[in-house]
Amino acid sequence: MDSKQLPAQSILVLYAHPSPSRSEINVPLFRDAKAQRHVSVIDLYAEYPDFNIDIDKEQQRLLAHDVIVFLFPLYWYSTPSLLKEWQDLVLEYGFAYGDNGTALKGKRFVCALSAGGREEAYQTDGYNHFSLKQLLQPLEQMANVTGMLYLGPFAIFGSRTAREEHRINLHRQKWRRLLQKLADNTLNIVEATHCENLADCPCITGDIL
Ligand SMILES: Cc1cc2nc3c(=O)[nH]c(=O)nc-3n(C[C@H](O)[C@H](O)[C@H](O)COP(=O)(O)O)c2cc1C
């Protein structure tokens, strides 16, 4: 079957940035996602400034989409706290896991994140001792337990110098391509599940670089 005939996949981007006024990377990615077809973007800190998350609403959002994306700056090797709170409250027993907890089964899951550290710092013998993929294992296992297919991650390293190094447009181009391929269902899933970083994966860069 021609890939163009595959039905469009709906994408939910859950964006979490506690201080967007100082963001150089995530805000442009957030805006790009908003402009993309088949993508719903939720600004969690804008919607829940007091952390009072509407669990039913968030669960309905999950049910209505095929692909779930977390978009965030890496904070202490993890997500910003509201995104953790979102997981703690929304991914309930009986909904996301456990008895009859199959709401997320078969969906795809991607972490899209920026890290201040450079890629070489995220190596066994580097400053952070672990690769980003290793550090994100709690999220990977969350995807496993809830029956989602874990892709990626899509990671931007050295985020604090991306602007002065004129890298932001290339990062945005790859991000838009990822969203487009997820929506069109044309992403090479074998490559996307095994790569260390979708931003460097031929499944994304093949037709850009
Ligand atoms: C509280 C806090 C914790 C951070 N922790 C990390 C970290 O663990 N690893 C890292 O590489 N960068 C870390 N950073 C840097 C952020 O990831 C970086 O500022 C962000 O990716 C920049 O994205 P933005 O321009 O959209 O804000 C941290 C920054 C803050 C403010």
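The values are calculated or read from the model by the stated rules, or taken from the named source; none is laboratory data. No experiment lies behind these values; they were computed from the predicted model shown. Using ideal geometry, Cβ is built from the backbone for each residue, glycine included, and neighbour counts are taken over all protein chains shown.
Observations
- Number of residues in the range 36-80 that are in a loop (DSSP other than H, G, I, E, B) and out of contact with any helix residue (DSSP H, G or I) (no Cβ under 6 Å at 6 or more places or on another chain) equals 13.
- Flag if Gly152 is modelled with pLDDT of 95 or more and at positive phi: no
- Residues of the range 77-131 classified as more than 18 Å from the chain's Cα centre (by Cα), within 23 Å of Asn52 (Cβ to Cβ) and acidic (Asp, Glu), total: 1
- Condition check for Leu44: within 16 Å of the ligand (Cβ to nearest atom) and touching a residue at least 60 places away in the same chain (Cβ under 8 Å): no
- Of the residues making up the range 183-207, those that are over 21 Å from Arg118 (Cβ atoms) and in contact with a Lys or Arg (Cβ under 7 Å, 6 or more places away or on another chain) are Ala183, Leu187.
- Identity of the residue in the range 72-90, out of contact with any Phe, Trp or Tyr (no Cβ under 7 Å at 6 or more places or on another chain) and within 22 Å of Gly147 (Cβ to Cβ), that ends up nearest to the ligand (Cβ to nearest atom): Lys84
- Filter result for the condition that a residue is under 22 Å from Leu44 (Cβ atoms), surrounded by fewer than 22 Cβ atoms within 10 Å (Cβ to Cβ) and without any contact (Cβ under 8 Å) to a residue 60 or more places away in the chain, over Leu113, Leu89, Leu71: Leu89
- Tabulated pairs, the range 21-36, first more than 12 Å from Leu71 (Cα to Cα) and in contact (Cβ under 8 Å) with a residue 60 or more places away in the chain, second part of a loop (DSSP other than H, G, I, E, B) and more than 9 Å from the ligand (Cβ to nearest atom), C-beta under 6 angstrom, 6+ apart or interchain: none
- Residue-level check: of (1) within 16 Å of the ligand (Cβ to nearest atom); (2) touching a His at 6+ places or on another chain (Cβ under 8 Å); (3) assigned to a loop (DSSP other than H, G, I, E, B), Ala8 misses just (1).
- Residue within the range 17-31 that is under 20 Å from Gln60 (Cβ atoms) and either within 14 Å of the ligand (Cβ to nearest atom) or among the aromatic types (Phe, Trp, Tyr) (or both) present: no
- Listed here are the helices (runs of 4 or more DSSP H) enclosed by the range 119-209 that have at least 2 residues being in contact with an Asp or Glu (Cβ under 7 Å, 6 or more places away or on another chain) and free of Cβ contacts under 8 Å to residues at least 40 places away in the same chain: 202-205.
- Of the set (1) in contact with a helix residue (DSSP H, G or I) (Cβ under 8 Å, 6 or more places away or on another chain); (2) within 16 Å of the ligand (Cβ to nearest atom), all apply to Val110 but (2).
- Any hit, the range 140-150, residues being within 15 Å of the ligand (Cβ to nearest atom) and not basic (Lys, Arg): no
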